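**Student:** Handing you this structure, nothing more for now.
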Amino acid sequence: MPTSQSQLVEVLKEQIASLEARSPGYRARVAEALGRIISSEQRNKLRRIDIRQEVKKECTDLGTFLFESRAEAPVESEASEGSDQ
C-alpha cells in the first residue's frame, strides 16, 4: 500500500476510535462503510461508476443502522426516570 494510503488508513482509524459510541457496533459500522467507500473510489478510477450513489448508499445505510439501534435501546433519560419510582 503506498504511503499516502497507509497514512489515510491510520488517520481514519484514529478518527473512528475517537468517535462517540452512539450505539453498540457504531464504530465498526463506520469503519466498514469507509472501507466500502474507499473500495468504490478505487473501482471508480478503473471504470467509471456512479461514486455519488455509492457514497449516498453507505451514508443512508449507516444512518438507518444508527436509527434502528437507537430505537431498540431505551432513551437514557427515560430509563433513569423509571428507576426513581
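**Student:** Taking the condition of being within 22 Å of residue 71 (Cβ to Cβ) and either among the aliphatic types (A, V, I, L, M) or free of Cβ contacts under 8 Å to residues at least 12 places away in the same chain (or both), how many residues in segment 19-53 meet it?
**Tutor:** Residues in segment 19-53 being within 22 Å of residue 71 (Cβ to Cβ) and either among the aliphatic types (A, V, I, L, M) or free of Cβ contacts under 8 Å to residues at least 12 places away in the same chain (or both): 8 in total.
**Student:** Please go through segment 17-51 and give me each residue that is among the charged types (D, E, K, R), modelled with pLDDT of 90 or more and more than 21 Å from residue 4 (Cα to Cα), ordered by number.
**Tutor:** 27, 29
**Student:** Another question, if that's okay. Give the residues of segment 52-61 that are under 24 Å from residue 6 (Cα atoms) and either polar (S, T, N, Q) or surrounded by 15 or more Cβ atoms within 10 Å (Cβ to Cβ) (or both), sorted by residue number.
**Tutor:** Listed by number, the residues that qualify are 54, 55, 58.
**Student:** Within segment 1-37, how many residues are surrounded by 14 or more Cβ atoms within 10 Å (Cβ to Cβ) and within 22 Å of residue 60 (Cα to Cα)?
**Tutor:** Count: 14.
The values are calculated or read from the model by the stated rules, or taken from the named source; none is laboratory data. Since the structure is predicted, the reported quantities are computational estimates derived from the model, not experimental observations. Counting neighbours? That spans all protein chains shown, and the Cβs are built from the backbone with ideal geometry, glycine included.
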